[in-house]
Structure formats: C-alpha cells, structure tokens
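To start, the structure itself, in structure tokens.
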Amino acid sequence: MGIGSAITATGIGAFLVTNRDDSKPGTSGPENQGQTQAQPGAENIAEYGAEPNPNDPDLATARANLQAIKDAATAAGPGGAVYIPPGTYFVGQDDDTRNIDFGNSHPKGISWYGQSPTESIVALTEHMDKDDSSHVLMYYGNEVDHGTVEFRDIQFFGNAANLDGLHGGETDRSSKAVILTPNVRSGTFNCNNVLFKQWFDGPIRGRIVDWNIDSCTFVENGSESRRRGDSGHSMEFSEGDATVKNTRILRSGSYAIDYRYGNGDLTVENCFVKGYGTGFLKMGAGKSFTVKNTFVRGNTPWIEENYPDKDDRGDEFKGRHFCYSQLSRNGKTKLLRLRNVQFRDCTHEGIKIRRPTKLDADNVSLINANAAGAGEAAISAEGSKAELECLMAEKEITVYDSNKFAINVRSDAVGTGEIGTLYYNDTTKFGNLGGIRIVTSKRPERSCFPIPLESFFAGTSSEAISREEIRSTCRGDSVLTDKKL
C-alpha cells in the first residue's frame, strides 16, 4: 500500500520531500549495480553474480541473488561484511532451511552495508514455498560470539502482502529480517540508517546480544499478521540491552517494541511512533525502561481502516495501550522512566500495570486515553500481582480527555508513592488512588507541552512521512478526538 511521499536526508535538518509509489521497494532508486563505490573491506555481491531483479520475476533469479550473497559472505570470512550495491535484489529459495545461517553454514558476525535505504534493497521473493522456513532472511546463532555486527544504509523489504500463504493463515512460518536465538553466545548489533518494511511477523527478534538502533525507520511490520487476526512486533528484544534513537516506527501490527525475556535495559530517545495494534511498549521482562523526547500515537485513521474490528479471540486491537507492564518473566520489579513524552489516542488504558512497576515520569502528557471506554483509566493498576509505585514527588504529568478516570488502582492491586503535580481538564476524573498521593492537581496554565518537530527528523532513513504529517499528528487531528470508534 503506497504512502505517497518520502523524505531523503542529505544531513540532519536538510530534507528533500519527493512523491513516489511505495507499493514496491526502491522505486526511486537505480536498478543497475556497481554505480557507486562499495564499502571498504566489504565484499560486493555484484562481483559474485548478484543482479537487480526489481520485478521479482521468478524463483531462479531470487536463488541466484541469494547464492551471490552467501558466496560474498563466505569470501568475507568471520567478522567480515557484504556490500549491497544500488538495486533491488529479491532473494529466496525452495529449501526447508533459513536463507542465510550465520555461525553455522556461513561465517559468523557478517555485517551488511548498502548505498542508502532507497537504493540498496534486499527483499524476499514471493515465489517461495509457503510451507518451508525460507521466509527467514538471516539467522545468527549456533552458540558463537558474533562480535560487532552492523547494518547500515540499506533496506530490508519483507514483501509480506505477497508471500504465499502467510497472510492467508495457511502456514505457521514467519518472516523476519534478522533472527537471533537464545543459544547465541554474545555480540553487539548496530543498525544505522536502515529501513525495515513489511515483514510479516516483524523484522527483529534480538536475543542475548545488545542492540543499538539509530536513525532507522520501521514501516508496516506485523501488519499483515494483524490483518489475519494474529500479531507481530516491529522490534522484540530479550536478555541483552537495547537502545532505539532518532527512529520512526510506523503502523506496527501489535507492539512497536516488546521486551520479552531477561534483565536488560531499554532506552528509547528522540523517536516518533505512529499507529499500532496493541501498544507502543510491552514490558514482559527487563529491568529498566527509559523513554524520552518521544511522541507516541496509537490509533490512527490508517489503523482504523486496515486492522480488523476483532481478532480471532474477539478482541479489538486498534491502538490499544501506550505502555503495558503485563508480565514479570524474570521476577523483577520494573522501572518505567518517562521524560518529555507525549502519548495520545489509545482505545483502552494508556499505562496499564499488572506486575510490580515503579513509575518515574516528568513532563509527560496522556491525551485521549481509554477513548473506547473499554478500560478504566489513563493510568491503571489491576490484578492481585499489580503494584504501582509512583516516584514523582516533585514531577508533573498531564491527563487530558481520559474516558472514565485519570488514575485508578483496583481494590486487588497496590498503589504507593507520590505525584507532584497532575494537570487535568474538564473530562478528567480521579478514580481509586489506593495509597498514591497527588500533591497538587490543577488545570494547566498552558496547553500540553510541544515537542520540537526537528527531533523527529534527526534520522536519515527515507520513508514517506512529511513535516505536515508530524504537525497534524501532534496537533491531534485524530479519529478518536470525536470518539469516532
């Protein structure tokens, strides 16, 4: 589905807005390889027989391109790199194996470089057998130390809408750009100026290793899975630490970010998140979660139009929550630290607490939370295992237009701590606060704080999003504003 325009960065603060068709990857980039100089030290896949095949004609050409990448990686050796020259390279195979298995059949620790996300595109072919596991592009595992792995100036296109069987629910196979399993020993994975687009279950499942994601864009990942009543995340992390900076995350199927297992720390900074099925952040494990200078909007007209009214369990997922402390797989109390964050437009509870969580928030706004009235409050603690401790004695938050309550602690949950100042408007009511003390509650002397728009153009990966779209989003041009659910 085309989005209509793209931003190509020539440097921070300098952008060229162009119109193009986004239904296929790389339509604005050249389709002849070898036009620019390869990354120094990286093996150029063109020298191993790769040729652009932007129309994805058949499996044979996709297999040839895949073999060229494998040969380049083999030549690079452990800790080496491959270079993807300008062009769209559909890859795939008809074997019941992953496309590329680093650390096993191919060298460990291979990095990937391109020319830019609109020029160097690696995509999954639609000509694979729906019943095999070749929908996984990359697999790093086999109990080895992969060292430092880098992905830079490249696009990984999952082609989810065209993969046979996946979007029809005919197979349990999934498509991910990068998969890491629990048996990987260690490593650090860095993504810079990478576009991950249209992966069926999601592009990244990071386990054990640390992740640094900077200046990247995620678009419509997990969306096809959501359309069939299932779920998929833009990013999933476990065990290691993860940092996501200067990044745009658009139209996720389930969560934008899911921290699933382990005791790591997650930091999200200078990010723009727009549209998802379930939530912005799921805290199933982990130790601390820091989000700062970030804008998050859950429900959008695109989500309303493209996601089903009910999933296969009868639940609605159209921008459901902002942050959800759902599980405690590691048995630890989580710390959620929010600074200079605006959340807006979710259908259920905004911040939902079901496990022990410390909330440390300052200069944070929750606007139009629980718009469908399906939950109880903008900030909610519920269940016998829920403990919400507010560490905000001299800090302030704003709750506007929350359906039902601003804060509510159910009788089966525990609430403690203080909130320095809570700003509210006419629609805001207070529920059961449990043991939480609000020092001052008052109407604001100013409107909800603005986030500098330039913050969201720090990234350089190109995708269709304009300054006017960001302006209108931050202003609140929303289907939920008028409760049109």
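Could you say whether any residue in region 219-229 is in a strand (DSSP E or B) and not basic (Lys, Arg)?
As a first pass, look at region 219-229 and keep what is in a strand (DSSP E or B): 219.
Now narrow it down to the ones that are not basic (Lys, Arg): 219.
Yes - at least one qualifying residue is present in region 219-229.
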When residues of region 219-263 are limited to those that are acidic (Asp, Glu) and under 19 Å from Glu305 (Cα atoms), the one least open to solvent (accessible area, probe 1.4 Å):
Glu220
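Does at least one position in region 224-236 carry a residue that is in contact with a Phe, Trp or Tyr (Cβ under 6 Å, 6 or more places away or on another chain) and farther than 23 Å from Ile351 by Cβ?
Looking only at region 224-236, we keep the residues that are in contact with a Phe, Trp or Tyr (Cβ under 6 Å, 6 or more places away or on another chain), and these are 224-226, 233-234.
If we keep only those that are farther than 23 Å from Ile351 by Cβ too, we end up with 224-225.
Yes: one or more hits.
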If we take region 282-384, then strands (runs of 3 or more DSSP E) inside it with 2 or more residues that are touching a residue at least 40 places away in the same chain (Cβ under 8 Å) are 288-297, 323-325, 334-344, 357-367, 377-381
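Quick grid of which residues meet (1) open to solvent by less than 60 Å² (accessible area, probe 1.4 Å); (2) over 15 Å from Ala50 (Cβ atoms); (3) at pLDDT 90 or above:
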{"position": "Thr88", "(1), (2), (3)": "yes, no, yes"}
{"position": "Asp94", "(1), (2), (3)": "no, yes, no"}
{"position": "Asn99", "(1), (2), (3)": "yes, no, no"}
{"position": "Ser105", "(1), (2), (3)": "no, yes, no"}
{"position": "Ser116", "(1), (2), (3)": "yes, yes, yes"}
{"position": "Ile121", "(1), (2), (3)": "yes, no, yes"}
{"position": "Asp129", "(1), (2), (3)": "no, yes, no"}
Of everything in region 232-277, what is assigned to a strand (DSSP E or B), among the polar types (S, T, N, Q) and in contact with a Gly (Cβ under 6 Å, 6 or more places away or on another chain)? Give them in sequence order.
Ser238, Ser252
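Each row is one residue, and each column tells you yes or no for (1) in contact with an Asp or Glu (Cβ under 9 Å, 6 or more places away or on another chain); (2) under 21 Å from Arg251 (Cβ atoms); (3) at pLDDT 90 or above; (4) crowded, with 17+ Cβ neighbours inside 10 Å.
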residue: Asn299; (1), (2), (3), (4): yes, yes, yes, yes
residue: Glu316; (1), (2), (3), (4): yes, yes, no, yes
residue: Gly331; (1), (2), (3), (4): no, no, no, no
residue: Leu338; (1), (2), (3), (4): yes, no, yes, yes
residue: Arg354; (1), (2), (3), (4): yes, no, yes, yes
residue: Leu359; (1), (2), (3), (4): yes, no, yes, yes
Being among the small types (Gly, Ala, Ser), in contact (Cβ under 8 Å) with a residue 12 or more places away in the chain and over 19 Å from Val178 (Cβ atoms) is true for just one of Gly279, Gly264. Which residue is that?
Gly279
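The values are calculated or read from the model by the stated rules, or taken from the named source; none is laboratory data. Because the structure is a prediction, the values reported are computed rather than measured. Note that each Cβ is placed from the backbone with ideal geometry, even for glycine, and that neighbours are counted across all protein chains shown. SASA here: full protein model, heavy atoms, side chains in, ligands and nucleic acids out. Shrake-Rupley method; radii C 1.70, N 1.55, O 1.52, S 1.80 Å.
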